[in-house]
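These notes are about the structure you will find just below.
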Amino acid sequence: MKALLDQARLLDQEDELASFSKQFVPGNYDIYLDGNSLGKLPKKTIDRIKTTVEQQWGAQLINSWNAHWLELPKRLASDMEQLIRAQQGTVYVGESTSLNLYKLVLGLLLSNRYDKNLTTDLLNFPSDNYIIEGIAQQQGATFHLLHYPTFLEADLQLLKAHIASNPGIVCLSMVSFKSAYYYPVKELNDWAKDHQSIIVWDMSHAVGICDVDCQKMEIKAAVGCTYKYLNGGPGAPAFLMLDSEFQDGVGNPIQGWFGHQKPFEFDLEYVEDSSIDRFANGTPSIISMAALEIGLKISLEAGISSIANKNKRQIQFLIEAVKKELLAIDYELVCPNSMERIGGHVSISHPHAKAIVEVLKSGANNHPSVLPDFRPPNLIRLGVASLYVSYEDLIQTVTFLKTIVVTKMYKNVKAQNHIVP
């Protein structure tokens, strides 16, 4: 293990992104590997929220709408377009991922551009599947939930054959929340187009850590959250992306105030905005948006290609360490075999995973405290948020994981019934 630790420290010395970790509040844990659930707090966000609350809301009151707030969602959309390399005018920022998915899928369905088949799969985030199934029930469409032999990765032949036989609207998570399986996005988009279908991608576990290029990947529709790798804060506004070629025929099925062409004329007749802003609904969540802007700026400053390249190197380094040190003591890797098909985290399993996570958090026996996350029934997800996770963090975590099992430290842990695992 010492050789791996020495190698990790050398890699950290050569890391061009190492300084970015100083831009975040450290938190109560020595090592934070749960950035794929909630990103760290940027230090500048604290001052930004304070300014928004005390000066803008507190002092300037409603005048801040004109002075500061009305343009904030547009700035965020522009930043997001840069980050995911989408065309100008194709991204809306606001509301939640679930609400944006509902609006986008239902809008596409009501446009009558596609057959009334709504497809998702076993790897998708459960709440996405709830929404797709609900829309199908409400609109008399056919709901398809594809099952694969394993949740490690998609059966691409099965998926393609299904799309060919049941053309329509498909919703997939770009990176699976359990195994971090990263779909071949361009390949599937081309296939969908050739078979009169469209894929709506949920980028929640990909944006900010994978090098997404909407134009090169031929992504036509997508949604995603911003509180994971983009460090926007709990409940941060989500985003929606719709390619310009679809915007004339796809409307917002929820006719909200800010989706009106001229919301402040208070017209009794609803006239949908001609831009992507038609997907706005209620009043923007200004305090959350102010926080998000800081997280987005940090990612843009670091550069998504640099972040993604470092992440790939770290993922490979972590997997090699797991194979060398942990597989012989009942841990298993729960991720695709190909590095090209792995997103920003590594999942491992163990029969005592839940107790192991509790020991990791404790920092017992002079080990650094480590905060990953647990997913039932026995998964430990190690989120490698490369803006603040170092190579040494990864090796220290593997060392602790090994010690916990070898010494059976997990046997002394009392059962924890956390609502959030």
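Things to note:
- In this simple spin-label approximation, Lys297 and Gln55 carry label points 7 Å from Cα along the Cα→Cβ vector, and these lie 1.1 nm apart.
- Segment 157-253: C-alpha gyration tensor shape, a/c 1.5 cut-off, then a/b vs b/c: oblate
- If the Kirkwood radius is taken over C-alpha pairs of the chain, then at 10 °C and 1.306 mPa s the Stokes-Einstein diffusion coefficient equals 71 µm²/s.
- Cβ-derived FRET efficiency at R0 25 Å, Lys186 paired with Asn337, nearest 0.05: 0.75
- You can think of it this way: the chain between Gln261 and Ser275 has 4.2 nm of extra reach, that is 0.36 nm per residue less the Cα-Cα gap.
- Volume per residue that the Cα convex hull of segment 357-404 spans, once the total is divided by residue count, Å³: 70
- Taking the average, over residues, of other Cβ atoms within 10 Å as the packing measure, peptides 147-159, 53-65, 303-315 rank 303-315, 147-159, 53-65 from highest down.
- Distant-in-sequence amide H partners of Asp121 (H built 1.01 Å from N, under 5 Å): Leu146
- Reciprocal of mean inverse Cα separation for segment 210-345 (Kirkwood radius, Å): 18.4
- Residue ranges 193-204, 6-17, 219-230 sort as 219-230, 193-204, 6-17 when ordered by packing (mean number of other C-beta atoms within 10 Å per residue, highest first).
- Ala328 versus Arg313: modelled label distance in nm, points set 7 Å from Cα along the beta carbon direction: 2.9
- Relative contact order (%) - criterion: Cα under 8 Å, at least six apart; region: the chain: 23
- The packing ranking, built from the mean of other Cβ atoms within 10 Å per residue, places the peptides 253-263, 105-115 in the order 105-115, 253-263, highest first.
- Over segment 1-88, volume per residue of the alpha carbon convex hull, in Å³: 155
- Only beta bridges with both residues in the chain are counted; by DSSP, about 55 percent of them are antiparallel.
- Nonlocal amide H pairs with Ile342, under 5 Å, H built at 1.01 Å: Tyr182
- Available extension along the chain between Ala18 and Ser349 is 116.2 nm, counting 0.36 nm per residue and deducting the alpha carbon span.
- The H on the amide N of Ser275, modeled in the peptide plane, is under 5 Å from the matching H of no residue at least 5 residues off or on a different chain.
- When only the Cβ of Lys, Arg, Asp and Glu is charged (+1, +1, -1, -1), the dipole of segment 178-245 relative to its Cα centre reaches about 280 debye.
- The chain: DSSP helices with Cα axial extent of at least 15 Å and average Kyte-Doolittle hydropathy no lower than 0.5: 97-110, 286-302, 391-406
- Considering helices alone, the calculated mean residue ellipticity of the chain at 222 nm is -11000 deg cm²/dmol, with DSSP H runs of length four and up weighted by -39500 (n - 2.57) and normalised per residue.
- Residues within the reach of a label modelled at Lys411 (point 7 angstrom out along Cα to beta-carbon, backbone nitrogen below 16 Å), restricted to segment 339-356, are 351-353, 355-356.
- Label-point gap, in nm, between His147 and Ala3 - each point 7 angstrom along Cα→Cβ: 4.5
No value in this document is a laboratory result; all are computed from the given coordinates. Since we're looking at a predicted model, the values are computed, not measured. Methodologically, a virtual Cβ is constructed for each residue, glycine included, from the backbone with ideal geometry; neighbour enumeration extends over all protein chains shown.
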